[in-house]
Amino acid sequence: MRLRPSPLIESSATFALSFLLVIVYYWVNYLDLNVAFNFATASALFFMFPIFSAWSFVGLLVKNRVIKQRFLINVGINFLVTGALALFLLWVMSNSASGVSANGAATMVVSAFVVGIANLLSAVVTYRFILDDNKTKLSKTAYTTINTGKQTSQKNKPGSNRKKK
């Protein structure tokens, strides 16, 4: 089953797949599922939720573009947000008055790298296999309700084109 492309479907599918990839990476790396969930949750908090928000917001602005353009825009957002947040957290940790260890800073940079790669892979899977650009696009009227109030019928109006027996 392939889904109709829309900004929230694109960002949600990419987020879900990348979250699973991050869990799998940390599970293979540490061989402990609890540690994998802890690292994946921290990665989602610091990196994936801001990327999801940026994808959703920018996706609304570029929703009428071709699917390849949206893919490239989302990959660009992924690298921009991941890199900016990794550098920001590294700067905060290096200028900390309490003296954060080098392990903490390295862990955040590795998490940013893992999330960036996971988002890239999941974006490729989402745009290649999950979305179907040939499905009909919803128009603005597809979300409006139909008036189901009292309606007049043609057979009661004078001069209607009813055949008489």
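Derivation of every value follows stated rules applied to the coordinates shown; laboratory data play no part. Please read all numbers here as calculations on a predicted model, not as lab measurements. Glycine also receives a Cβ, built like all others from the backbone with ideal geometry; neighbour counts cover every protein chain displayed.
What is the P(r) of region 7-132, as percent of Cα-Cα pairs per 5 Å bin from 0?
Result, from short to long distances: 2, 12, 21, 22, 17, 13, 8, 4, 2, 0, 0 percent.
Note down the magnitude of the dipole of region 7-132 about its Cα centre, charges +1 on Lys and Arg C-beta and -1 on Asp and Glu C-beta and zero elsewhere, to the nearest 20 debye. Can you show the working numbers first?
Values: 5 positive and 3 negative charges, 81 e Å.
Dipole magnitude for region 7-132 comes out near 380 debye.
Considering amide H positions built from the backbone, and no H for Pro or chain starts, which residues 5 or more places from Leu3, or on another chain, come under 5 Å of its amide H?
Close amide H contacts, sequence-distant or interchain: Leu131, Asp132.
Run the simple label-point estimate for Ser53 and Arg65 please: 7 Å along Cα→C-beta, distance reported in nm.
2.1 nm
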